[in-house]
Amino acid sequence: MGDIVLSAGVRKNLLSLQSTADMMALTQNRLATGKKVNSALDNPFNFFTSAALNNRAGDMNALLDAIGQSQKTLEQADIGITAITKLVESAKSLAKQARQSTQPVATYNQTITGAAIAADVPASATSTATAASVYGAATAGDTLSITVGGTTHNFTYVASGASAAAGTFSDTAELQAAITAAGLTDITVAEDGTGHLKIDAASGSFTVGGDMGTDFGFATTANTPSNPTFAGLTPPQSLSIKVGAGATETFNITASTTRDDLATWLGGLHLPTGVSASLNASGQVAITSTTSDVITVTGTGNTATTLGLVGTNNGVYTPAVTVTTPSQQRADYQSEYNKTIAQIDSLARDSSYNGVNLLASDTLKVVFNEDGSSFLNIEGVDFTSAGLGLLSLDGDDFQNNLTTDAVITKLDNALRTLRTQASTFGTKLGTVETRQNFTKSLIQTLKTGADNLVLADPNEEGANMLALQTRQQLSTTALSLSAQADQAVLRLFG
Amino acid sequence: MALKVELKPNERVLIGDCVITNSDQRTRFLVDGNVPILREKDIMTADRADTPAKRIYLTVQLMYIGGNPTDQHEVYFALMKDIVEAAPSSWSRIAEINNHILTGDLYKALKSAKKLIDYEQELLTHASSGQGLRSGGTTDRKSA
């Protein structure tokens, strides 16, 4: 068979037919799949972008599922908290009912012992000039005065060898005799190893004066005793004690406060019968009580800590209670209470979802993007009865109002913890929900993007953008956007 | 770590809920804490947001300074859908913005939105300069 020679015109028509057939096949394929780009050969750029978008939408969907699971875990924890809160509330009402029933007779006992306070350092003064030089330069009639408790005693210098009348002296030994004779039995004077005159007071303060006081080089201010423990408190500080419903009594500590002052103050406290306070032989504050009074010891700065009076409950001391004939009714309430507390543990254990229990200290990690760079760690809590500080009661806790009140305080604390945690989880849930909604909208847009992806011609895209620009000008979206901008701080830039 | 801000004379800066205007000399100061901070040159107003990408920038900016990004999500997705439909090739830039929003890093999202504005400018330039060529092309295809 010979070659068929096609004319140029026929060839053109044939080519056109062939391409029409191709286009029809393409169109049919597009109609069948609903997508305009179906293989990498149609339009490589669009195909791969479209595939990437679809994959991303798929990734996002998987992520969304995981976020949904996390939400369930959080919701489960919230349900757990609500149920535990109800249990704690009913435990509290049991405690309150017990407290309202008749209180059996009880004896109370408590002893508070502080830390040892260092011994006082008595007041003392040493001259700057030696005794020999002062006596050598002194003339008869010069005086040395010592003021104790507001009364000034003058001692007059007389020449050596002159017979010493009352209140006169010519050397240190005679001065001591004169001081003792004047009734200042607490004061001792002596020359130290280097010949300087040293004046000591067994208790209280004293001031040295007179012209010989100046010659000796004594300070004109009062010499006071001090206490190393109190000095360590960086005065001024104070210590306060309150017994039961009584008034708070406060002891002020200054630079010259001594342990003796504290002992005096403790002795003068207005205490109810059965309560006593003193400074014991070891220099510790000791308070004993056989009443039901709660004793509160507070101090400014580090006073209560330094004096060892913080105790186990921030300075609040509750007496030990002994009940001789327990009340059956109260015992029943207590056993009911213990049963309720036991239920908290099983509830806390059952609050897990998908293997994560936020009420048993598990941590939930919520991942928000494909590469895991954005995530939220939600720390779990221990909401078992022990974690909430609610232990089963095996003593006489419900037999006395004082101990029942302590249980109620613990229940109140547990309730506060539960409520705070519920709100924390709520906030986290809000964050997770926001991200979830964003991801959902994003998936939708990704799908739209992938399906419409037919353009890769910058000219056409540019023209589309120009058209969009004009269209948006009048759209409600643009209007709502400017309204939002106007409300914000942005209007200041108008 | 504190952010160091330096202002030119009379320059303004947005910090949290207020606008600070510099007096007539250069100023340097440090800002501690977690508040939105935007320089005057980075601020987009509603009047100036007259293109699709600039509107997206404005929306992200409102999320950044507004404190509650959910308020803007609806508008954001509407705008984003528009732009992806009109110019699918802008997708990679938009994906970048999305990722930053999702990560909660709105300042970075704003930086990415700026890139989108640049890209949009490129497209619009093509549209105005390539108009003749494009219509010519269409004619050619018709004849074939």
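The values are calculated or read from the model by the stated rules, or taken from the named source; none is laboratory data. Since this is a predicted model, take the numbers as computed values, not measurements. Neighbour counts are summed over all protein chains in view; Cβ atoms, including those assigned to glycine, are modelled from backbone coordinates with ideal geometry.
Just checking, which of B:L14, B:L30 is among the aliphatic types (A, V, I, L, M) and exposed (fewer than 15 other Cβ atoms within 10 Å of the Cβ)? That would be B:L30, the only listed residue that is among the aliphatic types (A, V, I, L, M) and exposed (fewer than 15 other Cβ atoms within 10 Å of the Cβ). Taking (1) modelled with pLDDT under 80; (2) within 7 Å of another protein chain (Cβ to nearest Cβ) in turn, A:M465 satisfies each apart from (1).
One residue is enough: does segment A:313-333 have a residue meeting the conditions under 23 Å from the mean Cα position of the chain (by Cα) and part of a strand (DSSP E or B)? Quick ask: steps written out before the conclusion?
Narrowing segment A:313-333 to residues under 23 Å from the mean Cα position of the chain (by Cα): A:313-317.
With part of a strand (DSSP E or B) added as a condition, the list becomes A:316-317.
Yes; the residues of segment A:313-333 include at least one that is under 23 Å from the mean Cα position of the chain (by Cα) and part of a strand (DSSP E or B).
A:L309 fulfils the conditions (1) surrounded by fewer than 19 Cβ atoms within 10 Å (Cβ to Cβ); (2) hydrophobic (A, V, I, L, M, F, W, C); (3) outside any helix (DSSP H, G or I) except for a single criterion, (1).
For B:R28, the stated conditions do not hold, so it cannot be described as facing chain A (nearest Cβ under 8 Å) and of a type in the set (K, R). Filtering segment B:84-100 to residues that are at the interface with another protein chain (Cβ under 7 Å from one of its Cβ atoms) and assigned to a helix (DSSP H, G or I) leaves B:V84, B:E85, B:A86, B:P88, B:S89, B:W91, B:N98, B:N99. With respect to the conditions (1) out of contact with any Asp or Glu (no Cβ under 8 Å at 6 or more places or on another chain); (2) assigned to a helix (DSSP H, G or I); (3) more than 30 Å from A:N61 (Cβ to Cβ); (4) not aromatic (F, W, Y), A:T404 falls short on a single one, namely (1). Going by what's in this entry, would A:G210 be described as at pLDDT below 90 and either closer than 16 Å to A:A119 by Cα or under 34 Å from the mean Cα position of the chain (by Cα) (or both)? No: the conditions fail for A:G210. When residues in segment A:384-407 are screened for being touching a helix residue (DSSP H, G or I) at 6+ places or on another chain (Cβ under 6 Å) and touching a residue at least 40 places away in the same chain (Cβ under 8 Å), 13 of them pass.
The residues in segment A:136-189 that are of a type in the set (A, V, I, L, M), in a loop (DSSP other than H, G, I, E, B), in contact with a helix residue (DSSP H, G or I) (Cβ under 7 Å, 6 or more places away or on another chain) and closer than 18 Å to A:D211 by Cβ can be counted, and the count is 1.
Residues in segment B:94-108 that are surrounded by 21 or more Cβ atoms within 10 Å (Cβ to Cβ) and either farther than 17 Å from B:Y64 by Cα or polar (S, T, N, Q) (or both): B:N98 alone. Scanning segment B:37-67 for residues that are of a type outside the set (D, E), surrounded by fewer than 19 Cβ atoms within 10 Å (Cβ to Cβ) and facing chain A (nearest Cβ under 9 Å) gives a single hit, B:T45.
Of all residue pairs spaced 6 or more apart or on separate chains, those with beta-carbon atoms under 8 Å, a first member in segment B:26-51 that is farther than 19 Å from B:G66 by Cα and not assigned by TED's automatic domain parsing to the domain that holds B:A109 and a second member that is loosely packed, with under 14 Cβ neighbours inside 10 Å and among the acidic types (D, E) are B:R26/B:E6; B:T27/B:E6; B:R28/B:E6. The set of residues in segment A:334-373 that are of a type in the set (V, I, T) and assigned to a loop (DSSP other than H, G, I, E, B) is empty. Across segment A:190-217, which residue is surrounded by the most Cβ atoms within 10 Å (Cβ to Cβ) among those that are within 22 Å of A:T258 (Cβ to Cβ) and in contact with a Ser or Thr (Cβ under 6 Å, 6 or more places away or on another chain)? So, considering only residues that are within 22 Å of A:T258 (Cβ to Cβ) and in contact with a Ser or Thr (Cβ under 6 Å, 6 or more places away or on another chain), the one surrounded by the most Cβ atoms within 10 Å (Cβ to Cβ) is A:T207.
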